[in-house]
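*Asks:* I'd like to ask some things about the structure below.
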Amino acid sequence: MKKIIACLIVLAAFASAAFGESIGKRFVEIRTDIPVGVYNNAFTPGDFFKPEVVIDFAKIRSDIGNKGLVAGFETKPALELNFNLLGVHVGFLSGLESYGNLNIGKDLFDFIVDGNQLNEEISFTAGGFFDSYAYESLDVKVETKKFTVGITPSVFTPVEHAEVTHANLKVVNDEDGTFNIDGSFGVLVQSAYSDASINQQQYTSNLADLVNNGGLDLGVSLKYPLILGLKLNGALQLPLLPAKLKSEVRSEGTISYKQNFLDSSKSDESPLVNWNSDMVAAPCVATINRPLSAMAGVEWSILKESIRLRGDAGIGVKYPFSSNQIVYPQYKVSALAKALNIVGAELSTEYTKQMFKHEAQVMLNIRLTELDVGLSLYGSDLKSSLTGKGFGGFVTFCMGF
């Protein structure tokens, strides 16, 4: 019996290698992809599903480390129309890419856990950003016996760019028992829209703004076969023309709070609170690019890609060609197994766009339709990504013939 099962597995593997590509291949297809991920480095979902929820600030401080509390999300829904014929792939893609995070400095948790001394000034800081781009892409790949090359020009428009320009809070306990808080904050929101406010009557002009103020970047990929199923891979995402930001809203504010808790003659008095804020909407002249990415690696395929092992590494640049650019390393390692191009599974781990992600996905392809589903662990650092403090997933559905 064991020999029969072993023979069936071997036959299935060779059948997958011989006929898998033709069985699962669609010449025309419509594909929709909906990925989403959320993360933080302080809490897991299990922390809140308890009879009694206890927030242990000492443990949180230990978990978040010097980075402070980081929480964020990312999503990139897309719709594609693809054509595949005689080794040539042509795809039209439309999507929305959004991501951002909020960072609260570790000083706040030091203060909550340890307190402060009399007349000692404690400062807290916070930061954050949000970016959202609408994009349209043309994806062209040509496969020959010697190599496969792909070119993907994309037009993108910054629907919104937001950042916390500053957020500071200072706390002092005076000797007479007066508790003092002074703080300030600033938020900047920019967009490709020429008008800072949007309403129904402006819809047509705003749509024109998104088109006229868009930027251009170019994706280039190359796959070069070596020997024994080994291939060299390379991919470059290069900004060519920055998008224009035409309007902005700046919000600035200050707060001060004073209360005496020890002097009985003052403890019943209402706290002295001053809050001032100002919001200014105006045109602006600024530009922004989507991240730059350069990756290279090696792929090993067995039985005509029935089993595929791949590793890539490189660099990424956030806000490239600007004074705010951030350069960071990137890598991705994956292992894929599939049978007859009908069912498959893939495991991967990566650090891209300053995020750690570990993903497991499965595929079901029945020629006319395909469904891919994946679940992942997210994190801004490796430790939080492995402890379930961030999670995500995706669903991809294809249909065609």
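The values are calculated or read from the model by the stated rules, or taken from the named source; none is laboratory data. Predicted model only: the values in this text are computed from it and were never measured. Here the Cβ is made from the backbone with ideal geometry for all residues, glycine too, and neighbour counts use every protein chain on show. Only protein heavy atoms, including side chains, enter the accessible area calculation; ligands, DNA and RNA are left aside. Shrake-Rupley method; radii C 1.70, N 1.55, O 1.52, S 1.80 Å.
*Asks:* Measure nothing fancy, just the Cα-based angle from helix 2-24's long axis to the longest principal axis of the chain, in degrees from 0 to 90, nearest 10.
*Replies:* Result, in degrees: 80.
*Asks:* Tell me which residues come under 5 Å, amide H to amide H, from Gly390 once H is placed; ignore anything under 5 positions away on its chain.
*Replies:* It is Asn40, Tyr378, by chain and number.
*Asks:* Continuing with this model, one more query. So how far apart, in nm, are the two label points at Glu121 and Phe261 if each is 7 Å from Cα heading toward Cβ?
*Replies:* Placing both labels 7 Å beyond Cα along the Cβ direction yields 2.1 nm.
*Asks:* Quick one: with all protein chains in place, what share of the accessible area of the chain is carbon or sulfur, to the nearest percent (1.4 Å probe)?
*Replies:* Values: 14990 of 22520 Å².
For the chain, the apolar C and S fraction of the accessible surface comes to 67 percent.
*Asks:* Name the long-range amide H neighbours of Ile342: under 5 Å, sequence gap of 5 or more, or other chain; modelled H, no Pro or chain starts.
*Replies:* Those qualifying (amide H under 5 Å, at least 5 residues apart or on another chain) number zero.
*Asks:* Please list the three semi-axes, largest first and in whole Å, of the ellipsoid equivalent to the chain, using sqrt of 5 times the eigenvalues of its alpha carbon gyration tensor.
*Replies:* Values: eigenvalues 479, 163, 62 Å².
That gives 49, 29, 18 Å for the three semi-axes.
*Asks:* Still on this structure: If packing is taken as the average count of other Cβ atoms within 10 Å, what order do 276-287, 229-240 fall into, highest mean first? Write out the running numbers ahead of the final one.
*Replies:* Numbers: 276-287: 11.6, 229-240: 16.1.
Ranked from most to least packed, the peptides come out as 229-240, 276-287.
*Asks:* At 222 nm, what helix-only mean residue ellipticity would the chain give, in deg cm²/dmol to the nearest 500, using -39500 (n - 2.57) for each DSSP H run of four or more? Could you put the intermediate results ahead of the total?
*Replies:* Values: 5 runs with 55 residues, N = 401.
After summing the helix terms and dividing by residue count, I get -4000 deg cm²/dmol.
*Asks:* Sticking with this one: Report the net charge of residues surrounding Asn41, where surrounding means a beta-carbon distance below 13 angstrom and charges are Lys +1, Arg +1, Asp -1, Glu -1. Don't skip to the answer; put the middle values down first.
*Replies:* Details: positive: Lys59, Arg61, Lys67, Lys106, Lys383, Lys389; negative: Asp47, Asp63, Asp381.
Summing Lys/Arg as +1 and Asp/Glu as -1 gives +3.
*Asks:* Which ³J(HN,Hα) values in Hz, rounded to whole numbers, follow from the phi angles of region 116-121 under the Karplus curve 6.51 cos²θ - 1.76 cosθ + 1.60, where θ = phi - 60° and Gly and Pro get x?
*Replies:* In residue order, the calculated couplings are 9, 8, 4, 6, 8, 8 Hz.
*Asks:* Shifting gears a bit: So which lysines pass the test for Lys246, namely a Cα distance under 21 Å, with those fewer than 8 places away in the same chain ruled out?
*Replies:* Hits, sequence-local ones excluded: Lys318.
*Asks:* Report, in degrees rounded to the nearest 10, the 0 to 90 angle that the Cα long axis of helix 203-212 makes with the longest principal axis of the chain.
*Replies:* Relative to the chain, helix 203-212 is tipped by roughly 70 degrees.
*Asks:* On a full-extension model of 0.36 nm per residue, what is the gain between Val149 and Ile315, subtracting their alpha-carbon distance, rounded to one decimal in nm? Each step should come with its number before you reach the end.
*Replies:* Numbers: separation 166, 0.36 × 166 = 59.76 nm, distance 2.07 nm.
The Val149-Ile315 span can extend by a further 57.7 nm.
*Asks:* Under the rule of at least 5 residues apart or a separate chain, name every residue whose amide H is placed under 5 Å from the amide H of Asn213.
*Replies:* Hits under the 5 Å cutoff: none.
*Asks:* Residue by residue through region 145-158, what is 3J(HN,Hα) from phi via Karplus (6.51 cos²θ - 1.76 cosθ + 1.60, θ = phi - 60°)? Round to whole Hz and write x for glycine and proline.
*Replies:* In residue order, the calculated couplings are 5, 8, 6, 10, 10, x, 10, 9, x, 9, 9, 10, 10, x Hz.
*Asks:* So, one more: Under a 1.4 angstrom probe, counting protein chains only, how are Asp139, Asp131, Asp107 ranked by accessible area, largest first? Could the numbers behind the result be given before it?
*Replies:* Working: Asp139 30, Asp131 0, Asp107 70 Å².
Per-residue accessible area, sorted high to low, gives Asp107, Asp139, Asp131.
*Asks:* Here's a follow-up. In the Gaussian network model of the chain, springs joining C-alpha atoms below 10 Å, which of Ser184, Ser323, Ser256 carries the largest mean-square fluctuation?
*Replies:* In the Gaussian network model the winner is Ser323.
*Asks:* Can you pick out the pairs among Lys59/Lys106; Lys67/Lys383; Lys59/Lys353; Lys145/Lys304; Lys145/Lys338; Lys141/Lys223 whose Cα atoms lie more than 18 Å from each other? Kindly include the intermediate steps, with their values, before the conclusion.
*Replies:* On the way: Lys59/Lys106 12 Å; Lys67/Lys383 12 Å; Lys59/Lys353 28 Å; Lys145/Lys304 13 Å; Lys145/Lys338 22 Å; Lys141/Lys223 11 Å.
From the list (Lys59/Lys106; Lys67/Lys383; Lys59/Lys353; Lys145/Lys304; Lys145/Lys338; Lys141/Lys223), the Cα-Cα distance tops 18 Å for Lys59/Lys353; Lys145/Lys338.
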